[in-house]
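Participant: Before I ask anything, here is the structure I am working with.
Please treat every number below as a calculation from the coordinates, not as lab data. All values reported here derive from a predicted model rather than from experimental measurement. Note that we place each Cβ from the backbone using ideal geometry, even for glycine, and neighbour counts take in every protein chain shown.
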Amino acid sequence: MYKNPKVINELGGIVMEAIEDGEPDRYLDPELDATEHKLVMKGKYGAVAPFTPPSKEEILEQLNNEARAKRKQLLETIVDPVVSNPLRWNDLTSDQQQAYKDYRQALLDITDQDGYPETIEWPTLGV
């Protein structure tokens, strides 16, 4: 069972909260689930709240969260497996070790870039 349907984008997509069963929020795309979408719009789960565009602050918060998640993923999948493993780390030349250090620091510094989080120049690992 679902409740609190609301239009969440300018295309008419709807999200609803799950009741009791612990399922995640359900998203209905008007083109992919047209029959159910029409029932929701007719009030099957209650009144549908209209689409409200996100504020500038909400957009910036979302961009910030996405950038930090990407940075975390890059650190965990590219940097950490090498720098936290003494065997792998010691197999690198001093230039390669410095490249990892520089890359790690550049990832940590993305929040200091001009235009962050709207524009980000992602560093690359020069190894």
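Participant: Can you return the lysines within cross-link range of K101? Criterion is Cα-Cα under 20 Å, with same-chain partners fewer than 8 residues away left out.
Facilitator: Within reach: K70, K72.
Participant: Separate question: Please list, in order along the range 70-75, the HN-Hα scalar couplings obtained from phi with the Karplus expression 6.51 cos²θ - 1.76 cosθ + 1.60 (θ = phi - 60°), rounded to whole Hz, x for Gly and Pro.
Facilitator: Each residue of the range 70-75 in turn: 5, 4, 4, 5, 5, 5 Hz.
Participant: Another one. Can you list the lysines whose alpha carbon sits under 18 Å from that of K6, skipping same-chain ones fewer than 8 residues off?
Facilitator: Hits, sequence-local ones excluded: K38, K42, K44.
Participant: Let me ask another. Could you compute the FRET efficiency for D91 and K56, with r as their C-beta to C-beta distance and R0 at 41 Å, rounded to 0.05? Numbers along the way, then the final one.
Facilitator: Values: r = 48 Å, r/R0 = 1.16.
After rounding to 0.05, the efficiency reads 0.30.
Participant: Place a point 7 Å from Cα of D112 in the direction of its Cβ. Which residues in the range 82-106 have their backbone N less than 20 Å from it?
Facilitator: Under cut-off, by backbone N: 98-106.
Participant: Where in the range 36-127 are there chymotrypsin sites (Phe, Trp or Tyr not before Pro) that are in a DSSP coil and have at most 15 other Cβ atoms within 10 angstrom of their Cβ? Kindly include the intermediate steps, with their values, before the conclusion.
Facilitator: Details: sites: Y45, F51, W89, Y100, Y103; in loops: Y45, F51.
The qualifying sites are F51.
Participant: Can you give the Rg and Dmax of the chain based on its C-alpha atoms, in angstrom?
Facilitator: When restricted to the Cα atoms of the chain, Rg and Dmax are 22.2, 66 Å.
Participant: Can you show me the helix-derived [θ] at 222 nm for the chain, built from DSSP H runs with n ≥ 4 at -39,500 (n - 2.57) apiece and divided by the number of residues, rounded to the nearest 500.
Facilitator: -12000 deg cm²/dmol
Participant: Using the Karplus curve 6.51 cos²θ - 1.76 cosθ + 1.60 with θ = phi - 60°, what ³J(HN,Hα) values do you get for each residue of the range 114-120, in whole Hz, with x for Gly and Pro?
Facilitator: 4, x, 5, x, 6, 10, 9
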